[in-house]
Each structure stands twice: as C-alpha cells, then as structure tokens.
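The values are calculated or read from the model by the stated rules, or taken from the named source; none is laboratory data. Quick caveat, the model's predicted, so the values are computed rather than measured. Glycine gets a Cβ as well: all are built from the backbone with ideal geometry, and neighbour counts include every protein chain shown. Each accessible area value is taken on the protein alone, full model and side chains, heavy atoms only, with ligands, DNA and RNA left out. Shrake-Rupley method; radii C 1.70, N 1.55, O 1.52, S 1.80 Å.
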Amino acid sequence: MGFIKQHQGSTVSALERCKSFTFDVNQQAESLIQWEQRYNQHSSGTFSGYLDELKLGGIHFFEEFTNRTLQQQCCVKHDNLWLGFSLQPQRPKINNSGIVEGQLMTRPSGIEFELITPPDFHIYGLVINKKSISEEMIGGDYDLWQNQSHTMQASRPNHYVSYELAKLISLLLNNNNSPMGSHSVFGDENPARLARLTPLITSKVADLLAQTEYGFDEVKVTQQTTQRVIADITHYIKETNNYPLTITELCQITKVSRRALQYCFEQGFGMSPIQYIRDCRLNEIRRLLLNADNELGIADLALDFGFFHIGTFNAQYKNLFGETPTQTIKRSETYQNIIIHQDNAKK
C-alpha cells in the first residue's frame, strides 16, 4: 500500500489545498474529505490514482483520476451538495443509469449513491455548502435550486456548463501552484486578495449552475421589464461610479432571476450580461492604465475589477482592444502628449 500526500494548510481566508497520490484503491476512497466512501476494483492490474483538491469558502473543488474500473459507494457529509462530471468520451454510471456528455451528476448529503467509473478516468467535482450557494440565488433561481437540487440525479445535458466548470476547476487547481510571484491570487502572503477572490468564484459557480438546472425552460420577459432592468443598472453605475463584479450583484440590483437577466440583455444589448459587464470593466481598466496618475499594477487592477486570473484577463483585454495591458501602459505617455498637443492646438 502506498500513499503520498501534499498538503497546504488553511489560511485566515479559509483556503485549503491538498494533492494525494495513491497506489491502493482503499486509500483512494479515504482521500476525499467530506465523504463516506468505499471503492471496489473491477479490472485487473495494479491500482494508481490521484486526488487534487481545493477548498475555498463554501465550495470544495477537486479532480480525481483512477486507472481501474471502480464501483464506488458514496455519501456526502454535512449539509452539502455534490456535483460530478467528466469531459472524457468513456462515460460513468450513477445508480445504474448511464450519464451522457454534458450532464452533471447531482446528489445531496446524507443519501447514499453508487458510481461505476471506467478505467483511466478523470472526474471533476464540486461539494457545495447549500447555504453558501443559496445566498447567490435570486427570485426564481432560488426557488428552482431549492426544489430541484434534492431530487435531481443528473442534470440536462449542457456542454457549455460542463466545459466552463472544468476550465474553472483546472484554473484554480493549477493556479495555486503557479510560480507567478505577486500575480498569484492564492498566495498565502495576500489574504486580502483571497478574501476578494472568494465571492467572485462563488458567483461564477452559481451562474453556471443556474443555467444547468433550467437552461431549456422558457422565460417570458416583457419589453417594459427589459427597459426597467437596463435603466436600473445604468442608474446604479451612474450613482455609485462602480461596475457590478458578479451576476449576483446584477440580479440584486434589478430584482430578477439570472435567466430573466440574460433575456433582458440579449434583447436590450444583443449580448449576455456577463459580456456586457466584462467589457465595461475592461474599458474602465483601460482608462486607468492610460491615466498617468494611476499607481496600481495590472494584477491588482484586474482583481479590483473582478478578474481573478491574470492570464484570462490579459487574453480578454487583448481580444477587446487589440493590445495587451502592458502595451497600453507603454504608450500611455504618447497618449497623454497627443491630448496636450490637441489642447494647445485649440488655443
């Protein structure tokens, strides 16, 4: 039996990080926190696996790999909800039911269930504190989440949601070991940055789960509601001089569900609320980078405006403006000189 475990203790901001490598199926079953599990191996050969996990606030993110066919008896502890999925072509089964691509398997705490996983299998998972995620749900989203989360075994297929969740989990797990110095959002030396990061990630997960639960349900929104929602957001930005950082904030401002908000923005702006508010924040960052009085670095500005991964931020910035933030800073002096020249010309 072999077991190798790498652990980083929690910080004042409730970050817990652990990666385990196992060479015994029973040890693998015992690796995952907040679970009661028993694994049986059903294909021949020496077992190996790993578990990479991160607990941030009320959400436990993990990726698990196992190289043999397994029968897993599972039960989530405490007042939590488990969601699991895989992007691989080989498919698992939950309670003897096959899972197709794009589906999220869903089970609440206190209810035993069985998984059959194929060999050489990667699975992504989230264990979510029900109270934490419910606080992110507004109006109809809250009602649907409460009504469906206790009874659903597998969501409707949604390839976008499963892909985006996998990308988020991979980003969080990989980023924590990235030698990025001051750019690392998980650095133990910067608990204030971590405290700002946590609600952004929680809201991102809530956005995706809301789409999963009722992504194909029809939502009827009147033209008057669309106009009112857009007016409320415009008024909020004008009065506070701040852009909302999350969809939860937008829903709280407008008092509509996430799906209704999506419809209003598609009708009013021809884009999603996520794209709209992201573009607005990128434009504001650009104005600050061009301002000679700005003293904040790129990574700090990005996080202040809700971008928790510097690489993703740089890519989105360049896609919108055709240049990187660093290139914007380098030509900011020329930008200022042009404005001064124009002012002099007018005189």
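Give region 41-50 a look and list any residue that's modelled with pLDDT under 95 and assigned to a strand (DSSP E or B), or say none.
GLN41
Mind checking whether some residue in region 162-176 is open to solvent by less than 40 Å² (accessible area, probe 1.4 Å), modelled with pLDDT under 85 and touching a Phe, Trp or Tyr at 6+ places or on another chain (Cβ under 7 Å)?
Looking for residues that are open to solvent by less than 40 Å² (accessible area, probe 1.4 Å), modelled with pLDDT under 85 and touching a Phe, Trp or Tyr at 6+ places or on another chain (Cβ under 7 Å), one finds at least one in region 162-176, hence yes.
Select from region 275-332 the residues that are in contact (Cβ under 8 Å) with a residue 40 or more places away in the chain and assigned to a loop (DSSP other than H, G, I, E, B) and write down the one among them that is surrounded by the fewest Cβ atoms within 10 Å (Cβ to Cβ).
ALA292
Within region 105-129, restricting attention to residues that are surrounded by fewer than 16 Cβ atoms within 10 Å (Cβ to Cβ) and in a strand (DSSP E or B), which residue is modelled with the lowest pLDDT?
Top of the filtered list is GLU114.
Against the definition (at pLDDT below 90, assigned to a helix (DSSP H, G or I) and either under 20 Å from GLN37 (Cα atoms) or acidic (Asp, Glu) (or both)), how does ASP143 come out, yes or no?
So ASP143 passes the test.
Kindly list, by first and then second residue, each pair from a residue in region 147-172 that is of a type in the set (D, E, K, R) to a residue that is part of a loop (DSSP other than H, G, I, E, B) and at pLDDT below 90, limited to pairs with Cβ atoms under 8 Å and residues at least 6 apart or on different chains.
ARG156/GLY215; ARG156/PHE216
Please count how many residues of region 220-264 are open to solvent by less than 20 Å² (accessible area, probe 1.4 Å), touching a residue at least 24 places away in the same chain (Cβ under 8 Å) and more than 15 Å from SER203 (Cα to Cα).
Residues flagged as open to solvent by less than 20 Å² (accessible area, probe 1.4 Å), touching a residue at least 24 places away in the same chain (Cβ under 8 Å) and more than 15 Å from SER203 (Cα to Cα) within region 220-264 amount to 6.
If you scan region 29-57, which residues turn out to be out of contact with any helix residue (DSSP H, G or I) (no Cβ under 9 Å at 6 or more places or on another chain), in contact (Cβ under 8 Å) with a residue 40 or more places away in the chain and within 12 Å of LYS19 (Cα to Cα)?
LYS55
Of the residues ILE285, ILE247, ILE277, only one is modelled with pLDDT of 90 or more and closer than 20 Å to ALA302 by Cα; which? It would help to see each step written out before you state the result.
Working: ILE247 fails: modelled with pLDDT of 90 or more; ILE277 fails: modelled with pLDDT of 90 or more.
Exactly one residue qualifies, and that residue is ILE285.
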